[in-house]
Every structure is written in structure tokens, then in C-alpha cells.
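Engineer: Pasting in a structure now, in C-alpha cells, and then I'll have a few things to ask.
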Amino acid sequence: MTKKTYSKRRRKAIIGCTSSESSPASEEVIASNEDLLTEILLRLPAKSLIRFKSVSKNWLHLISDSHFAVNHSRRIRNSSMISGLFFYYDYSRSELHSVSLHDHPYRSLPTLSFLDDVGGDHPFWIRSACNGLILCQNYQIVCNRFRKKYVVCNPTTQKFTLLPQLDSLSLLYESLGVYLAFDPSKSPHYKVVFFRPCYQFDIYSSETASWKQITVSECEPLRDCLEGVFWNGAIHWLSHEDVHFRFDVDEEKLIKTHNPPSPKILSVDKTRYFGECGGHLLLIQMRLRNAMGFKILEMDRVSFHWIVKCGVNLRPLISVFPEIDIDARSRRYKFRVLCVVTGVSENDFALVLATAGKVVYYDLKCKTSRVLLDHLPLLNLHASIFQRYPCSHTYQFIESLSPV
């Protein structure tokens, strides 16, 4: 079989799956019409498109085009497709775990092994993830000082960019963290925001491939904060009970908003989840450590106030997963909220929970559950670090062709 004949048959097999009654003539029309072919390919997952590059030189050229990658990323962003989760089971980030959210059992996510050639004295670990791109960090020892290295990568395409070094990026000066800001529906370019003491921000732009430093006027001390979350064009911090902070990435402004009396926002140590899901900024807090009933709060896009999205009762899960039941020593139920994800429809939610060596998916509307992973370490609920930081470090994986 010649290569030309093989490629032709592969195109027919791929295009033919779009219609069970397509004729050879219609298949040839689609294959020869680049605009129509582009529209079809834009609807396919990024992982499939990478495989389809081998169909022909024309498909390789089309799928590799930067404009195609940008348009595909914009479409994927609008559909809020989360393929899986990367997460650290403990606060020390000692081991990276991953879990697929697809129906196919135990489908694996890509690893970060392609970053091994970057070098350093410590393996890379994830600091931030945003719409298909991931910000990773490691460090090397230079002149008896720790020097951090930051990489923005795309696990789907296995491409990465090593960010230029800043003298200030050492372990000694880090305070409130480093964040990736990327919204492909607005721009193909991303920014990395490094928040330092004294309200100084180092901002890297992929458009200019350079850093800039700004200092904003002090609003109020940011203390006892959880890690920031990028949502709606800004990085948001959950601070103490009455104030919410956000840094508008484009306007480069730090803005303070007072929370209304209701719903009551609890202290940071009561937080079990703070993150973005399908265009929503969500918050889960539990007044009691042994709570199985709680509310999911959503931030309003206009007022930046929290509103109650829905109530949750996890007690029925105990009959299915008895290992969740209350721990005799800690007097708390044995689970962590890894992430809130979209359910059957975009307006419904599901919880991804970690408990007793398992990762469980629980649909809040259908009240159904399934095991996504069953070989995790057991939760150490008695560790002091768990008492202080009850939230898990979880990062969404979205298949994307976005360039870095």
C-alpha cells in the first residue's frame, strides 16, 4: 500500500465518522475544502488533532498553524472542557498525582517528564494552571543561593518556555505567590504575575517576552490568604472575613471589595475549596470540621459579592463509601474536596473528592457517584499541616493546542 493511498483512506475514515451516510464524493469535497475541513477539525479534541498531524502534509500544516491553535483554544475555552486534574495530596507537594475525568476508567493524563531536560537541583512542581497552560517551578543553587526557575508549558503539546530570570526571584523574597493569567477567548498571550511584599508585582508578558515591575498603592495588609485564583480577568485572594482582594491583570490595579453581611464569609481555615470552574469562581467553607452538609458560593461578576449557588449533602455517600465515615480520633469525616467541576450540563456541578485511597466523582444533581482512581495514599487527618491548610493543591488539565 502506498503512502498516498494510506493517507487517503485515513482521511476518509476520520471524515466519514461525521456522517454514517456520507458518500465518497462528499468526503472528497470536505477533504479538498480547507475552510470546511478547518471547521470540522476545530471541533475535535487537541489530543486527537496531534495524532491527525500524521494523516498528510496538508493536515500537518493546517493543524500546526498558529492561527488554528488560537482558534481551537478559544473554542475549547468556551466549552469549559476539563479533561482531568493534577493534584498534590499533601501541602509539601512531595508527589504529583493525576486523575482523568473521562468516562474511560483510569485513562492517564500526560506527565511533566518532558521538563526534565530543563535542569535544576529539584524536580519541577506545579504552581498555577490556567486554561490548558501550566506554570511550573524548580530551583537550582547558584553561589550558595537558591535561584528559582519558572517554566510555562502545555502538557498536551509537550512544549514549554523557560521564563527570563529575575534577580528578585529567590526563595528569600517570595511572599504571596506566583500566578498564571491566561484567557484564550480574549488573547492568545498569557501573563505571569509574581506578587512580592510591599505590594510590588513582577509581570511577565508572553507578547513582549519580558518582565516589568509595578508598585500599587496599598489597600490593606493581605494576611492569612489562600493561594490566588485567576478568574474574570483578575487574580482573586480570599482574605480575612470582611474583605476580598483582586488584582486586575490588564489594568494593573489592586482592588478591595467589602463582603456584605450575608452570606457570612468565614476565616481562611474554614475553607475547603476556592477555585474556578467553567467560568465560575466558587467557594466552599465549613463552619464545623465534621460537616457533611455545606453550601457552594459563587462570586457575582458585577458586584464581586458572594452568593449562594447551591446546598450540598454528602451523607448519602457514606452508604456507598463507608470509609468516608467519621474518624474516631479527629472527629471529622475522612474526605477532601479536590475540585468542583461542571456536571451533566454547564449549569450543574459535580464534586471530585479524595478519601481513603480513592478519588470519587459525585454529581450533585443526579446524586450519582463513580470511582476515578483507587490507589492513593490514605489521608493523614491528624497531621498539623492538614489542620492549618485543609484545601488541596489541585490544578485543572484542559487539552489545548495553545502555544507557549
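Engineer: What is the gain in length, in nm to one decimal, between residue 82 and residue 303 on full extension, counting 0.36 nm per residue of separation less the C-alpha to C-alpha distance?
Structural biologist: 76.8 nm
Engineer: If you don't mind, there's one more thing I want to ask. Please work out the FRET efficiency for the pair residue 66 and residue 214, using the Cβ-Cβ distance as r and a Förster radius of 41 Å; give the result to the nearest 0.05.
Structural biologist: 0.90
Engineer: With θ set to phi - 60° and the Karplus curve 6.51 cos²θ - 1.76 cosθ + 1.60, what are the ³J(HN,Hα) couplings of region 250-261 in order, to the nearest whole Hz, using x for Gly and Pro?
Structural biologist: Couplings: 6, 7, 6, 10, 9, 10, 10, 10, 7, 6, x, x Hz.
Engineer: Please work out the FRET efficiency for the pair residue 117 and residue 267, using the Cβ-Cβ distance as r and a Förster radius of 35 Å; give the result to the nearest 0.05.
Structural biologist: 0.20
Engineer: Sequence-distant or interchain residues sharing an amide H contact under 5 Å with residue 84, placed H: which?
Structural biologist: 101, 397
Engineer: Okay, moving on. Taking the Cα-to-Cβ direction at residue 320 and at residue 348 and moving 7 Å from each Cα, how far apart do the two end points lie in nm?
Structural biologist: Placing both labels 7 Å along Cα→Cβ, they lie 1.3 nm apart.
Engineer: Could I ask something else about it? Can you put 149, 334 in order, fewest other beta carbons within 10 Å first?
Structural biologist: Listing 149, 334 from fewest to most nearby Cβ atoms yields 334, 149.
Engineer: Provide the packing ranking of 62-73, 258-269, 393-404, i.e. peptides ordered by the mean count of other C-beta atoms within 10 Å per residue, highest first.
Structural biologist: Highest to lowest by the protection proxy: 393-404, 62-73, 258-269.
Engineer: For residue 47, go through the lysines and keep the ones whose alpha-carbon is under 30 Å away, minus same-chain ones fewer than eight residues off.
Structural biologist: Leaving aside lysines fewer than 8 places away in the same chain, those within reach of residue 47 are 3, 4, 8, 12, 57, 149, 159, 186, 191, 358, 365.
Engineer: Still on this structure, please answer the following. Apply 1/(1 + (r/R0)^6) to the Cβ-Cβ distance of residue 365 and residue 159, taking R0 = 35 Å, and write down the FRET efficiency to the nearest 0.05.
Structural biologist: Details: r = 37 Å, r/R0 = 1.07.
That pair, residue 365 with residue 159, gives E of 0.40.
Engineer: For the residues 143, 153, 198, what sequence is obtained by ranking on other C-beta atoms within 10 Å, fewest first?
Structural biologist: Ascending number of Cβ neighbours within 10 Å: 143, 198, 153.
Engineer: What ranking of 95, 346 emerges when the number of other C-beta atoms within 10 Å of each C-beta is taken as an exposure proxy, fewest first?
Structural biologist: 95, 346
Laboratory data are not the source of any read-out in this text; all were calculated from the coordinates shown. These figures come from a predicted structure and were not determined experimentally. Glycine gets a Cβ as well: all are built from the backbone with ideal geometry, and neighbour counts include every protein chain shown.
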